[in-house]
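Inspection log for the structure reproduced underneath, given as structure tokens.
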Protein chains: 2
Amino acid sequence: MPEYNAPIRDMLFVYFELNNGERIKSLPGYEDIDQETVEAILEEANKIARDVLLPINQTGDDQACQFNDGQVTTPDGYKEAYNQYIEAGWNNIALDSEYGGQGLPKSLHLLVDELTCAANLSFSLYPGLTNGAWNSLATYGSEELKNTYFPKMAEGVWSGSMCLTESQCGTDLGLIRTKAEPQSNGSYTISGTKIFISAGEHDLTENIIHLVLARAVDAPEGIKGISLFLVPKYLVNDDGSLGEKNNVSCGSIEYKMGIKASATCVMNFDGAKGWLVGDLNKGMRAMFKMMNIERLAVGIQGLGIAELSYQNAVIYARDRLQGSAPVSVGSPGSPQPLTVHPDVRRMLLTMRSLTEGCRALATRTSQLLDISVKSENQAERELNENLIALLTPVIKAFLTDTGFEVTNLGVQIFGGHGYIKEHGMEQMVRDARIAQLYEGTNGIQAMDLVGRKLPIAGGKLLQTYLQPIINYQKERSADSQLEEFISPLEDALVLLQNASKFIMKNAQKEPAEIGAAAVEYLSLFGLTALAYEWAQMAEIGLQNQTGEEADFYRAKIRTARFFMQRILPRTKGLYSSITAGASSLMDFEDMHW
Amino acid sequence: MPEYNAPIRDMLFVYFELNNGERIKSLPGYEDIDQETVEAILEEANKIARDVLLPINQTGDDQACQFNDGQVTTPDGYKEAYNQYIEAGWNNIALDSEYGGQGLPKSLHLLVDELTCAANLSFSLYPGLTNGAWNSLATYGSEELKNTYFPKMAEGVWSGSMCLTESQCGTDLGLIRTKAEPQSNGSYTISGTKIFISAGEHDLTENIIHLVLARAVDAPEGIKGISLFLVPKYLVNDDGSLGEKNNVSCGSIEYKMGIKASATCVMNFDGAKGWLVGDLNKGMRAMFKMMNIERLAVGIQGLGIAELSYQNAVIYARDRLQGSAPVSVGSPGSPQPLTVHPDVRRMLLTMRSLTEGCRALATRTSQLLDISVKSENQAERELNENLIALLTPVIKAFLTDTGFEVTNLGVQIFGGHGYIKEHGMEQMVRDARIAQLYEGTNGIQAMDLVGRKLPIAGGKLLQTYLQPIINYQKERSADSQLEEFISPLEDALVLLQNASKFIMKNAQKEPAEIGAAAVEYLSLFGLTALAYEWAQMAEIGLQNQTGEEADFYRAKIRTARFFMQRILPRTKGLYSSITAGASSLMDFEDMHW
């Protein structure tokens, strides 16, 4: 069985030393968020992740969710684990304290989320969907809806689901056919079938609160006629107790590549009772509220599972004796640990540098999110909101691509042993794969970045993000000790800026340039963003070369060096591909496929 | 269920137009191998692949091999399919006609292999292992062994297995512990346990002929004390009939990520009777004979499954309506096929250009193999043997990496639908993954290329391969019509040559440079090799722009263009990573993992 221990030291490093934990502490309501508190929370979260969630991760994959007669049964131990999880309040740490949540920073929640996702990605989706539904309701739901549903959702005895996809529409939500008919009492009658609904039906909670995208009668066609409705599995009586079953049922569950302990449901709404969330025909806005935070959370899934794979690859590479080092340091012929082999070191350092770099970037972004909500300064709120809008698709896609790359390297380090189920390494690959697909495929994230986010503020939003990095780099350009980190960062920045200009200029003539460049551009963006994180981490490392934790900081410097020398060069190929333009894609005639 | 049709037109193109089908025809015994014959064979092979093997691919994955009381049962339909396969002689097309095989060129066999692997990778391993065992026996086995075993193996009623790996030794075969004690009658008694034995036990054949690496009593330590033994499941009587059961048994089978219809066995040899193959303590040589052809065959597995994924991605992308084109060609808002989206086109063309490019390279290599065996000119035989030695690790690793990349793009094009089992796209990813691991991980292939093959003939072997490419490029450097293909090829050649020089020079001081650069070097090599193939394919395309098949050739030109503009630039990042050297890997201290 895989092992896991939360990377608490690294989390504290990126939260307080690299990023702006102090600023979080200065936000209203977060006064207690100091390093000791965060460390204590992570220590406790580590216990439930490692001791409760991890032990049912592999068995859950073997057993999978079962569907019988409309009922979904989660694998053995999931209900007990869920009860422990909600009893300790891990489900509600960032939910509004007004309604029973703990009201802690989202950035802290996302640290805890990394642990949950690492230990058991399937499990994480159940509380995750509740948080997603909550975020949408919190902004757009009426007080009545919030008062009815939030307390039990905060308690965790009711959970949430997001019902968007239909068989004919995944990415293109304008094609939604689910109908909503208004009733005289202000409610709606919802009819239609949704597919791929995570946590749409299961046995962990007493009630499930579905947020459903549907088209009201006489609504405009396409995306402008979509509204969001709340549809509970059980109707709720006036006294808050559960009433009769609503006309919503699970038709079947999917058999999937991975996340098998997560129920992926076909949901049938057969004249189910629902209530409008937000304004009529403004469902997409409410949905995106939910979606954006979910997309950060999905990025964290990639990060968590990457960390899990890395830890187990290190254990295996240290234990497994095979071959000898290029220059043998032992007796000739005596087998040595895999870690002596340069190619194994290359794989381990690729895993490590990507994982730690992604954690740094994710923490930066999640702190911006807290500031964007809690700051008392409107300009700061707006600035951070825009930065999050820019970074959200990068976090979602780059971190989940990283999750897939890293878990595959984990398998590769195990060799044939990685391919069999026993060690759990191949499950990580299968589980990680979903995160590149759901909540908008990574291609859609890339198009969101290039097509929607880059043009914000006349293209100036990118500069808002980049200018502090450029300043950082310029201020250190004469520092000989930092040169090995700053100079590659500068190169990457130049490529990213030139690629951005290329796309924005060419897209005016040929809109296809956006889609043609998008995926590679997002990778270029992510790598450059990580180069900034690694340059800073190296700098902090250099400032801490003595003292008790000198080892920790020295590892940062060396991992930064590896990243700059061996990973960041990928930007060169990406840049050349992007600037080759769209014509070789678009000129291919359809008949030739 | 996935669909499949053999890419026969493309196979004929790479075999006869791009490569040297005429030279194959001129080899002794291959006089009949003309285009009509090859086409007829491929048409027939397509029928069994598409109509017999493909329909049990998905059901075989669901059902998997079962283990009960030492018996392995293959999934429903596998026995019937196997019988059809051997009755038609698909198992023995390249086996020696002297012993009942058809004696056709290996290059033709590998074309047929692509079809078998595409339609059902699990199935392909059963006849594949027989071919592997045969190749080793053919060179090193005594006439007595050949006469005893070959006729039934050619018939397909007996199959083969290769028993190399033990739990403590995968890559490092010097650690083998299985023992062989000589008996007075010239046979040996074999004792030990082997793991990961594909087709080690199953219900498809009457007998299984295991080739087992073991250490004879008093043999030298390490790799120099390994011998190869033939150990049949059932002993064979003097009259050729099956005798008593040998002391070899299957202890269990593995539960794996994919290729679930292929039995992966733990094999226990408990004083089993075996016969030496080749010379005592020279087992590695005999094993490598088998291994080298197997490695080409494993490369073909990656190619076959890539083609399967591409074909199904095209079907889906043409059918699925979602969103509208960057510049809508339909009525606004009307959903259009996925193929209108630039990013989908990018994915499809990546799949296509890699798959067709790999087919071209594989066919070139397999033709060299035939020439190396059959040519009456010793110098030509030796030249081609060396070229194959160089290209074998590239074929194995680059084609299987391609298989994994392409099948993942296939899933990505399907979006969430790619993640569920129904469409079969995720199975292709799981099946493809093994090919990067077995027959020597792709990291081992890369080290073989850089550490063993590049130094051959004082480093001149690489030049033997590259010089014709350099000549080709130079001869066309003034051709303005070809410039868009020749100029990127030239750039890639420069990077490959410089990277080679960098590694060979630096490895003299620091042997770790070999392992540190190997994987990225192999990718750089593979991409450059494909650029050569694509340049030639584009050139042939340009010469055939009129006529009935103008469409076929135009697609070649356009795919070549895409490859040069969008895929080949990967070489730039690889080159930078390689030339950053080994220090950032090797300086990382062990305590920091």
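For residue B:271, what residues show an amide H to amide H distance below 5 Å, using hydrogens built from the backbone and excluding near sequence neighbours?
The answer is B:190, B:191, B:192.
Pairs on different chains or at least eight residues apart, Cα atoms closer than 21 Å: how many lysine pairs in the stretch A:130-237 fit?
So the count works out to 7.
Estimate the FRET efficiency between residue A:422 and residue A:481 by the formula 1/(1 + (r/R0)^6), using the beta-carbon distance for r and 51 Å for R0, to the nearest 0.05.
On the way: r = 47 Å, r/R0 = 0.91.
In this case the efficiency is close to 0.65.
Any idea how far the Cα center of the stretch A:220-284 sits from the one of the stretch B:541-593, in Å?
Measuring centre to centre over Cα atoms gives 46 Å.
Fewest first, what order do B:340, B:298 take by the number of other Cβ atoms within 10 Å?
Working: B:340 24, B:298 28.
Ordered from fewest to most neighbouring Cβ atoms within 10 Å, B:340, B:298 come out as B:340, B:298.
Over the C-alpha atoms of the stretch A:288-583, what are the Rg and the largest Cα-to-Cα span, Dmax, in Å?
Radius of gyration, then largest Cα-Cα span, for the stretch A:288-583: 20.2, 68 Å.
Quick one: which residues, 5+ away or cross-chain, put their amide H under 5 Å from the amide H of residue A:234? H built at 1.01 Å from N.
A:208, A:246
With a bin width of 20 angstrom, please list the P(r) values of the protein assembly as shown as percents of all Cα-Cα pairs, from the 0 bin to the one holding the largest distance.
The percentages, shortest bin first, are 11, 41, 35, 11, 1.
Among B:207, B:134, B:122, whose Cα lies farthest out toward the positive end of the dipole of the stretch B:72-231, if unit charges sit on the beta carbon of Lys, Arg (+1) and Asp, Glu (-1)?
B:134
Just want the ordering: A:178, B:74, from fewest to most Cβ atoms lying within 10 Å of their own Cβ.
Working: A:178 21, B:74 25.
Going from least to most buried by this count: A:178, B:74.
If I histogram all Cα-Cα distances within chain A using bins 20 Å wide from 0, what percent of pairs lands in each bin?
20, 54, 24, 2, 0
So what is the relative contact order of chain B, in percent, for Cα pairs below 8 Å that sit 6 or more residues apart?
Value for chain B: 13 percent.
Using the reciprocal of the averaged 1/r over all distinct C-alpha pairs, how large is the Kirkwood radius of the stretch A:62-124 in Å?
13.2 Å
Please label the shape of the stretch A:510-573 as rounded, prolate or oblate, based on the square roots a ≥ b ≥ c of the eigenvalues of the alpha-carbon gyration tensor (a/c under 1.5 means rounded; beyond that, a/b larger than b/c means prolate, else oblate).
Taking the square roots of the gyration eigenvalues as a ≥ b ≥ c, the stretch A:510-573 is prolate.
What is the count of Lys pairs in the stretch A:288-583 whose alpha carbons sit under 21 Å apart, if the two are 8 or more places apart or on different chains?
15
Give the relative contact order (percent, whole number) for the stretch A:288-382; include only Cα pairs under 8 Å separated by 6+ residues. Let's see the in-between values first.
On the way: 66 pairs, mean separation 20.8, N = 95.
That works out to 22 percent.
Taking other Cβ within 10 Å of each residue's Cβ, how do A:202, A:423 sort, fewest first?
In increasing order of surrounding Cβ atoms, one gets A:423, A:202.
Please compute the Kirkwood hydrodynamic radius of the stretch B:448-585 from all pairs of different C-alpha atoms, in Å with one decimal.
15.9 Å
Which distances in nm, rounded to one decimal and ordered from shortest, link the label point of residue A:270 to the equivalent label points in the other identical copies, with labels set 7 Å from Cα toward Cβ?
Copy-to-copy label distances at residue A:270, shortest first: 5.8 nm.
Please give the FRET efficiency for residue B:167 paired with residue B:501, using the beta carbon to beta carbon distance and R0 = 60 Å, rounded to the nearest 0.05. Spell out each step's value before the answer.
On the way: r = 41 Å, r/R0 = 0.68.
Once the sixth-power term is evaluated, E becomes 0.90.
So, in nm, how far is label residue B:184 from label residue B:73 when the simple model puts each one 7 Å beyond its Cα toward the Cβ?
A separation of 4.5 nm, rounded to one decimal place.
Please turn the phi angles of the stretch B:581-590 into ³J(HN,Hα) values with the Karplus equation 6.51 cos²θ - 1.76 cosθ + 1.60 (θ = phi - 60°), one per residue in order, whole Hz, x for glycine and proline.
x, 8, 4, 5, 7, 7, 7, 5, 7, 4
Along Cα→Cβ at 7 Å, what distances in nm separate the residue A:87 label point from those on the other copies, shortest first?
6.4
Copy-to-copy spacing for residue B:71, label 7 Å out on the Cα-to-C-beta vector, in nm, shortest first?
With the label placed 7 Å along Cα→Cβ, residue B:71 yields 3.6 nm.
Expressed as a rounded percentage, what relative contact order does the stretch A:288-583 have, with Cα pairs under 8 Å and six or more residues apart? Don't jump to the answer; show the numbers that get you there.
Details: 384 pairs, mean separation 58.6, N = 296.
Value for the stretch A:288-583: 20 percent.
Using the Karplus curve 6.51 cos²θ - 1.76 cosθ + 1.60 with θ = phi - 60°, work out ³J(HN,Hα) for each residue of the stretch B:169-184 in order, rounded to whole Hz, and write x for Gly and Pro.
9, x, 5, 9, 5, x, 8, 4, 10, 4, 9, 10, 9, x, 10, 5
Quick check: the distance between the Cα centres of the stretch B:79-125 and the stretch B:507-532, to the nearest angstrom?
That distance is 34 Å.
Could you give the nm distance between label points at residue B:551 and residue B:590, where each point is 7 Å from its Cα heading toward the beta carbon?
Each label point lies 7 Å from its Cα, and together they span 6.3 nm.
Normalised radius of gyration for the stretch A:342-413, please: alpha carbon Rg relative to 2.2 N^0.38 Å, two decimal places. Write down the numbers at each step before the final one.
On the way: Rg = 16.0 Å, N = 72, 2.2 N^0.38 = 11.2 Å.
So the Cα radius of gyration is 1.43 times the expected 2.2 N^0.38 Å.
Could you please state, rounded to a whole Å, how far the C-alpha centre of the stretch A:335-373 is from the C-alpha centre of the stretch B:3-47?
Value for the Cα centre distance between the two parts: 48 Å.
Each value in this text was obtained by applying a stated rule to the coordinates, not by laboratory testing. What you are looking at is a predicted structure, and each value in this text was computed from that prediction instead of being measured. In this analysis, Cβ positions are derived from the backbone assuming ideal geometry, glycine residues included, and neighbour counts consider all displayed protein chains.
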